[in-house]
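One structure is given here, and the rest of the page talks about it.
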Amino acid sequence: MSEVPFQAGGPLLADSPVYIPREIDEKAAAHLRRMEYITLVEPRQHGKTSLINRLVGQFSSQGYTFACRDLMAARSSDASPSDWYASLGKWLLRQLHFIPRDQRPKPPTDSASWEDFLADVAESADAASQDVVIVLDEIGAMPSEWATGFFSVIRSVYTSRQSLRFWQHLTFIIAGAFNPKELIQDDAVSNFNVDQRIPLDDFDLSQVKQLVDHLDVPDNLIDAVAGRVHDWTGGQPYLCQRLCLYLADWEKPITGSSVDAVVGHAVERFFRDDTHHLARIKDLATQPDLLDYTHRITSETPSRFNAALNDKHFYLAHINGVIKAGPDGRCRIRNRIYERALAEVEVAPYSDSAAESRSQPQDEFQYDAFISYSHEDSAWVRDMLLPRLEDEGLRACIDFRDFEPGVASLVNMENAVEHSRKTLIVLTPAWVESEWTAFESLLVQTDDPAGRRARMIPLRLRPCEPPRRIAMLTYVDFTQLSDLEFQLRRLVAAIRSESAPDIHPLILGPCEE
């Protein structure tokens, strides 16, 4: 039907007619003009390398020299640090044509010589009036035991630009499915905070239409075809290219009445042909706990998306790619194709830990814990407590997300207590003053007013005189930061427990007894 070279495998070349520019293209170009570090942190087959190719094509004629290395190709199970560094240096030097062969620096063998190597390259670039861009793709393949020294040097290059001006002729593009906080894992070393993160959003409908424009489709049907492709793919770049590739092979004329069937046929062909893209869904099948968590946070009451504080959200969105933030800021499955794949996935046999988790008795509660707190303490609740609970796979009920609009606050609170296995109370003077009276009226409505089944777990955040009914309960002591993780584990265990735990309510500061 069409001879347009749609591509659904490998990156697009810089001059590809089916490369679809996004807003991020100009943002990336602007950062590159300022020689700022760029990180592209997205799942595979999301257009990272295609964007890099586009930048190379755009800037190579403007005094920029690019030296690219796919670290997946450099990966070797038996490579020593010196071999790995030397191989990287040799591959970069092959692309730095402005440096005469007899003046090329010696390849590095460790982090110290890596810094010397980069300094030699930057000084040569300065002398030749060149700007060098080192592109490191598939950064997730970087051996973790060498990452801290490697990226500490790259960070130091950027922070030294003011005192050593030649560094201004060297910058980096770092791409891959990785968590940036893992680049430097030594707490004694400053984290990698010198980059400009470029998010590669899915195509919107107008961008999908640009792809469909290349098909031999009647003008009056372009909107309909693009709409169906977007409906199935959610704008995921690889999937859009793949479906358009199948549509280009369709030999019969597309009519208004056949649009749904033709695009549906392309979807079915994708499920028959695919051997690698949906591996991200199969990966979840081997991790039943994570698969269960995926279903939970994208259910009828989706969790608010927070990849900055929730490592599971980050993994599922930016490494695995199965979820993303919806327009309302809540977690959603990325597209209908992934939804179908998730529904059809066969869960692998449970690991011991997964089996143990799944063998826990089920109960009638919608949530594991309802959090009652004063809005004066909302920053701590939203930024620390809620993400940590959800990181553990617990279902938390909280007012700003889960209370029904238009319903009286007391009724919402009553429903929350009723549908939660445990109730956490963040005790502060503000809570005692503003929330206790309303909450007290609910205690007599529960089947556990004295806390015998430990349905109520007070969390004391600041000095206060807790009400007598709450003061009689024991607490988890969070006054020592060094004990934070241990006490959090005890709290999580208490929330999961069916019986009264041997713990105290949570304290995060000195409290009057």
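Residue 304 meets the conditions (1) crowded, with 19+ Cβ neighbours inside 10 Å; (2) of a type in the set (D, E, K, R); (3) free of Cβ contacts under 8 Å to residues at least 40 places away in the same chain in every case but one. The failed one is (3).
Quickly run through the range 270-284 and pick out the residues that are surrounded by fewer than 17 Cβ atoms within 10 Å (Cβ to Cβ) and assigned to a helix (DSSP H, G or I). Passing the criteria: 271, 272, 273, 279, 282, 283. A search for C-beta distances below 7 Å between a residue of the range 196-210 that is over 13 Å from residue 43 (Cα atoms) and outside the structural domain of residue 27 (by TED's automatic domain parsing) and any residue that is of a type in the set (Lys, Arg) and not in a helix (DSSP H, G or I), counting only pairs 6+ apart in sequence or on different chains, returns 207/22. If we scan the range 412-424, do we find a residue that is within 26 Å of the chain's Cα centre (by Cα), at pLDDT 85 or above and not in a loop (DSSP other than H, G, I, E, B)? No, that holds for no residue. The combined condition, being of a type in the set (Asp, Glu) and within 22 Å of residue 9 (Cα to Cα), is fulfilled by residue 249.
Here 409, 372 are screened, and the one residue that is under 30 Å from residue 314 (Cβ atoms) and polar (S, T, N, Q) is 372.
Answer with yes or no whether residue 160 is assigned by TED's automatic domain parsing to the domain that holds residue 38, surrounded by fewer than 17 Cβ atoms within 10 Å (Cβ to Cβ), closer than 30 Å to residue 61 by Cβ and of a type in the set (Ser, Thr, Tyr). When the stated conditions are applied, residue 160 passes them. Selection of the range 15-27 for residues being free of Cβ contacts under 8 Å to residues at least 60 places away in the same chain and crowded, with 16+ Cβ neighbours inside 10 Å yields 16, 19, 25. Only residues that are among the hydroxyl-bearing types (Ser, Thr, Tyr), out of contact with any Asp or Glu (no Cβ under 8 Å at 6 or more places or on another chain) and touching a residue at least 24 places away in the same chain (Cβ under 8 Å) were counted in the range 28-83, giving 1. Might you let me know whether the range 181-190 holds any residue that is buried (at least 21 other Cβ atoms within 10 Å of the Cβ), part of a strand (DSSP E or B) and of a type outside the set (Val, Ile, Thr)? No, the range 181-190 has no match at all. Do you know which residues across the range 42-72 are farther than 26 Å from residue 317 by Cβ and in a loop (DSSP other than H, G, I, E, B)? Matches in the range 42-72: 63 only. Is there a residue being of a type in the set (D, E, K, R) and surrounded by 22 or more Cβ atoms within 10 Å (Cβ to Cβ) anywhere in the range 204-227? Scanning the range 204-227 turns up no residue that is of a type in the set (D, E, K, R) and surrounded by 22 or more Cβ atoms within 10 Å (Cβ to Cβ). For the range 473-513, residues that are at pLDDT below 75 and more than 16 Å from residue 368 (Cβ to Cβ) total 25. Scanning the range 110-146 for residues that are assigned to a helix (DSSP H, G or I) and more than 19 Å from residue 94 (Cα to Cα), we see that the one that is modelled with the lowest pLDDT is 144. Of all residues in the range 307-334, those satisfying the criterion of being assigned to a loop (DSSP other than H, G, I, E, B), under 13 Å from the mean Cα position of the chain (by Cα) and free of Cβ contacts under 8 Å to residues at least 40 places away in the same chain are 307, 308. Might you check whether a residue that is in a helix (DSSP H, G or I), out of contact with any Leu (no Cβ under 7 Å at 6 or more places or on another chain) and farther than 24 Å from residue 323 by Cβ occurs anywhere in the range 249-259? Yes: one or more hits.
Is it fair to say residue 51 is closer than 29 Å to residue 278 by Cβ and under 29 Å from the mean Cα position of the chain (by Cα)? Yes: the conditions hold for residue 51. Filtering the range 214-224 for residues that are closer than 29 Å to residue 308 by Cβ, β-branched (Val, Ile, Thr) and part of a loop (DSSP other than H, G, I, E, B) leaves an empty set. Among the conditions (1) surrounded by fewer than 16 Cβ atoms within 10 Å (Cβ to Cβ); (2) of a type in the set (D, E, K, R); (3) modelled with pLDDT of 85 or more, residue 356 misses just one, which is (3).
The values are calculated or read from the model by the stated rules, or taken from the named source; none is laboratory data. Nothing here was measured: the structure is a model prediction, and the numbers come from that model. Glycine gets a Cβ as well: all are built from the backbone with ideal geometry, and neighbour counts include every protein chain shown.
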